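Just below is one structure, and these are the notes that go with it.
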Amino acid sequence: MRLEEKVSIITGAGGGMGRVAALRFAAEGSKVVAADNQPDAAEETVRQIRADGGEATPITVDISREADARAMVDVAIHKYGRLDVLYNNAGIMPEADHSVLDTPVEIWDQVMAVNVRGVYLACKYAIPRMIENRAGSIINVSSFVALVGCSVPQDAYTASKGAILALTRSLAVQFAPQGIRTNAILPGPVETPLLMDWLVRDEQAKKIRLARNPSGRFGKPDEVVSLAVYLASDESAWTNGASLVIDGGISVNYF
Ligand SMILES: NC(=O)c1ccc[n+]([C@@H]2O[C@H](COP(=O)([O-])OP(=O)(O)OC[C@H]3O[C@@H](n4cnc5c(N)ncnc54)[C@H](O)[C@@H]3O)[C@@H](O)[C@H]2O)c1
């Protein structure tokens, strides 16, 4: 198993790619702290892991809140004694996030609070525990929208995902001497509730994303999680500060 003996925190583990990641990490031998702001969703993820013989603990966390981020890391330490992997997966993309011209300030702040402050807070409490072991892997979920503009804008979301890339590089440089690697995954459009709930209502956005993707399809959660398993494992011991795009080719498509 590729993650045997490891302890991993996964945020947003109650749905979408986070749940798929929690199940895969557990199947690869990791103990998983499944954090989500939807208590039932986190518990269902853990139920599925345990049914498959894996080890996991649910925790209800609004990752934009400092006390919740601290409690999440404390649970990993108290329950499993160490922390090897922090998978900052939780993210939001509200429908009211559009162009800077019409996105309400409250929506901008909400997106930044979850997508950027949440990563900062989780790192703030996880990194000191990783330093104790002189080892750790931080996986930050950005997006292909951090690299390319889009005529169907989501400006707060796009800015938040760009911030994650910059923070990833800073952490990679700061903490590599203490054995901690920090990398970013940039998925293209993937079939999860986050994307599909929106595209069901916006036919134009759906058409653009499908037409522009040389692969002709959306990604599957498992395809992204495979990259995360690599980053969590010791196979990626010399991968640090990388921005790894996994998008079927959409971000390199000129026409
Ligand atoms: N789906 C895509 O096409 C796509 C593409 C690129 C990047 N991403 C990114 O991948 C990550 C996962 O996306 P997904 O598509 O699986 O999303 P999703 O909406 O399907 O699942 C996100 C999970 O995060 C949880 N969550 C939301 N706010 C939270 C908070 N404040 N605290 C804790 N948990 C919270 C939700 O309850 C949910 O279980 C996100 O960061 C997203 O921005 C998604």
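The values are calculated or read from the model by the stated rules, or taken from the named source; none is laboratory data. The model shown is predicted, which means the values in this text are computed figures rather than measured ones. Cβ: placed from backbone, ideal geometry, glycine included. Neighbour counts: every protein chain shown.
Taking the residues in the stretch 172-199 that are under 17 Å from the mean Cα position of the chain (by Cα) and in a strand (DSSP E or B) as candidates, determine which candidate is farthest from Arg129 (Cα to Cα).
Looking only at the stretch 172-199, we keep the residues that are under 17 Å from the mean Cα position of the chain (by Cα), and these are 172, 181-195.
Next, from what is left, pick out any that are in a strand (DSSP E or B): 181-187, 190.
Working: Arg181: 14, Thr182: 15, Asn183: 18, Ala184: 20, Ile185: 23, Leu186: 26, Pro187: 28, Val190: 32 Å.
My answer is Val190.
Can you find a residue that is within 18 Å of the chain's Cα centre (by Cα), part of a helix (DSSP H, G or I) and within 9 Å of the ligand (Cβ to nearest atom) anywhere in the stretch 24-41?
yes
May I ask you to list the residues in the stretch 205-231 that are assigned to a helix (DSSP H, G or I) and under 30 Å from Lys31 (Cα atoms)?
Initial filter on the stretch 205-231 (assigned to a helix (DSSP H, G or I)): 205-212, 221-231.
Residues satisfying the conditions are Pro221, Asp222, Glu223, Val224, Val225, Ser226, Leu227, Ala228, Val229, Tyr230, Leu231.
Those residues that are over 25 Å from Arg201 (Cβ atoms) and either among the aliphatic types (A, V, I, L, M) or over 11 Å from the mean Cα position of the chain (by Cα) (or both), I need them from the stretch 85-123; list them, please. If you could, list the steps in order and put the result at the bottom.
As a first pass, look at the stretch 85-123 and keep what is over 25 Å from Arg201 (Cβ atoms): 85-88, 116-123.
Selection gives Val85, Leu86, Val116, Arg117, Val119, Tyr120, Leu121, Ala122, Cys123.
Regarding Gly118, is this residue part of a helix (DSSP H, G or I), surrounded by 24 or more Cβ atoms within 10 Å (Cβ to Cβ) and near the ligand (Cβ under 10 Å from one of its atoms)? If you could, list the steps in order and put the result at the bottom.
Values: part of a helix (DSSP H, G or I): yes; surrounded by 24 or more Cβ atoms within 10 Å (Cβ to Cβ): yes; near the ligand (Cβ under 10 Å from one of its atoms): yes.
It is true that Gly118 is part of a helix (DSSP H, G or I), surrounded by 24 or more Cβ atoms within 10 Å (Cβ to Cβ) and near the ligand (Cβ under 10 Å from one of its atoms).
Would you check if there is a residue in the stretch 73-89 being more than 9 Å from the ligand (Cβ to nearest atom), part of a helix (DSSP H, G or I), aliphatic (A, V, I, L, M) and touching a Phe, Trp or Tyr at 6+ places or on another chain (Cβ under 8 Å)?
The first filter runs over the stretch 73-89 and keeps only residues more than 9 Å from the ligand (Cβ to nearest atom), leaving 73-87.
If we keep only those that are part of a helix (DSSP H, G or I) as well, we get 73-80.
Still in the list and also aliphatic (A, V, I, L, M): 73, 75-77.
After this cut, where a residue has to be touching a Phe, Trp or Tyr at 6+ places or on another chain (Cβ under 8 Å) as well, the list is 73.
Taking every residue of the stretch 73-89 in turn, at least one turns out to be more than 9 Å from the ligand (Cβ to nearest atom), part of a helix (DSSP H, G or I), aliphatic (A, V, I, L, M) and touching a Phe, Trp or Tyr at 6+ places or on another chain (Cβ under 8 Å).
Taking the stated definitions as given, is Ala21 at pLDDT 95 or above, within 15 Å of the ligand (Cβ to nearest atom) and not acidic (Asp, Glu)?
On the way: at pLDDT 95 or above: yes; within 15 Å of the ligand (Cβ to nearest atom): yes; not acidic (Asp, Glu): yes.
When the stated conditions are applied, Ala21 passes them.
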